[in-house]
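Trainee: Attaching a single structure in structure tokens format; questions to follow.
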Amino acid sequence: MAKEPEAGVPLAVEDESLPAAEPQVEAEDEPRGSALVRYDPLRHYLAEIRRYPLLSPQEEHDLAVRYREYGDLEAAYRLVTSNLRLVVMIARAHQRAMRNLLDLIQEGNIGLMEAVRKFDPYRGVRFPSYAVWWVRAYIIRYIMNNWRMVKIGTTQAQRKLFFRLQREKDRLEAEGYSPEPKLLAQRLQVKVPEVVEMEQRLAAPDLSLDSPTDAGNESTLHDFIPDKAATPEGEVESAQYRRLVANKIAAFASGLTGREKDIFEQRMFAEEPLSLQEIGDKYGLSRERVRQLESRLKQKLKDYLLQEIKDLRELEGGVLD
């Protein structure tokens, strides 16, 4: 992780942070004695994780050493289960961004397991202090990936803006300032264009290209996307370019013989290419040797086409002169 865990991070979550488990109640519309009962998966999960006791600092250290030195999976299991409450606490802090708390808990548990795998017990830091960064990172990544169908934050700066932009706006307004992009960028230590872009992304909803432009109208947004190759000049230019490349490739192929010709025709440009093993069996070669020949042939084709383009440009320059 980019940020080193700090000793001041809360080390454990007390049982009071989880709501008391309530007994399942019979459905109101069902007659007494019916087997159908209400089932709350979240409450059931919270009741289940109460079964796992919290660990003392010495127990955490001993288990971490056993897993790191001997690969003891039982020790890793105990480290994970004893910190499931920590994941719930962190997931609840991000619950406003994602309705399904169980999804956040699930991602946080994956981060917790990754923390167990990476944890170094000899650094003098307690495991929960270290694990909190991995749990939070996995939860934030899940929120960013599932906030919308189109991702709105992929870089570190965008992720920071996603979670802090509105909060910083509210803080500036409370202080009597107008939340302009330049001031927001200074406060968040990002570039002004990044603030403007994130504001536009958050303000604009996702739109399907197949959605109609108006009620009762058969036209879609896709109909209004310009086609750069739609002009007659562009179509003629594209056809000439494809024909030129095809002629050059045919000229290159005409000079090949033997196994190079077979690799070129039966593997590189065939609709159903032969496998490396099939070509190798034909010539008594290994798969690796055929792969080397194919790689060398691709490089020869690339060099040939680059030289032809260079000669063509020099010829056109001479004609224009």
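The values are calculated or read from the model by the stated rules, or taken from the named source; none is laboratory data. Bear in mind the structure is a predicted one, so any value in this text is a computation, not a measurement. Cβ: placed from backbone, ideal geometry, glycine included. Neighbour counts: every protein chain shown.
Trainee: If a residue must be under 19 Å from Leu301 (Cα atoms) and either hydroxyl-bearing (Ser, Thr, Tyr) or in contact (Cβ under 8 Å) with a residue 12 or more places away in the chain (or both), how many such residues does the range 231-243 contain?
Mentor: Going through the range 231-243 one residue at a time, the tally reaches 1.
Trainee: Considering each of Leu79, Leu55, Leu11 in turn, give the residue that is at pLDDT 50 or above, touching a Leu at 6+ places or on another chain (Cβ under 9 Å), surrounded by 14 or more Cβ atoms within 10 Å (Cβ to Cβ) and part of a loop (DSSP other than H, G, I, E, B).
Mentor: Leu55
Trainee: Kindly indicate which of Val125, Val116, Val190 is surrounded by 10 or more Cβ atoms within 10 Å (Cβ to Cβ), of a type in the set (A, V, I, L, M, F, W, C), in a loop (DSSP other than H, G, I, E, B) and modelled with pLDDT of 90 or more.
Mentor: Val125
Trainee: Answer yes if at least one residue in the range 99-110 is more than 21 Å from the chain's Cα centre (by Cα), surrounded by fewer than 16 Cβ atoms within 10 Å (Cβ to Cβ) and not in a loop (DSSP other than H, G, I, E, B), and no otherwise. Write out each step before concluding.
Mentor: Here is the first cut: in the range 99-110, the ones more than 21 Å from the chain's Cα centre (by Cα) are none.
Within the range 99-110 (the criterion being more than 21 Å from the chain's Cα centre (by Cα), surrounded by fewer than 16 Cβ atoms within 10 Å (Cβ to Cβ) and not in a loop (DSSP other than H, G, I, E, B)), the answer is no, since none of the residues qualifies.
Trainee: Would you mind stating whether Tyr177 is of a type in the set (Phe, Trp, Tyr), over 30 Å from Leu305 (Cα atoms), over 34 Å from the mean Cα position of the chain (by Cα) and at pLDDT 70 or above?
Mentor: yes
Trainee: Give the residue, chosen from Arg259, Arg289, that is in contact (Cβ under 8 Å) with a residue 12 or more places away in the chain and out of contact with any Lys or Arg (no Cβ under 6 Å at 6 or more places or on another chain). Step through it out loud before you land on a result.
Mentor: Numbers: Arg289 fails: in contact (Cβ under 8 Å) with a residue 12 or more places away in the chain.
After applying the criteria, what remains is Arg259.
Trainee: Next question, about the same structure. Can you find even one residue in the range 213-233 that is modelled with pLDDT of 80 or more and either of a type outside the set (Lys, Arg) or surrounded by 10 or more Cβ atoms within 10 Å (Cβ to Cβ) (or both)? Don't jump to the end; show me each part of the working.
Mentor: Residues of the range 213-233 modelled with pLDDT of 80 or more: none.
Looking through the range 213-233, none of the residues is modelled with pLDDT of 80 or more and either of a type outside the set (Lys, Arg) or surrounded by 10 or more Cβ atoms within 10 Å (Cβ to Cβ) (or both).
Trainee: Next question. Regarding Tyr52, is this residue among the aromatic types (Phe, Trp, Tyr), within 18 Å of Ala131 (Cβ to Cβ) and in contact with a helix residue (DSSP H, G or I) (Cβ under 6 Å, 6 or more places away or on another chain)?
Mentor: It is true that Tyr52 is among the aromatic types (Phe, Trp, Tyr), within 18 Å of Ala131 (Cβ to Cβ) and in contact with a helix residue (DSSP H, G or I) (Cβ under 6 Å, 6 or more places away or on another chain).
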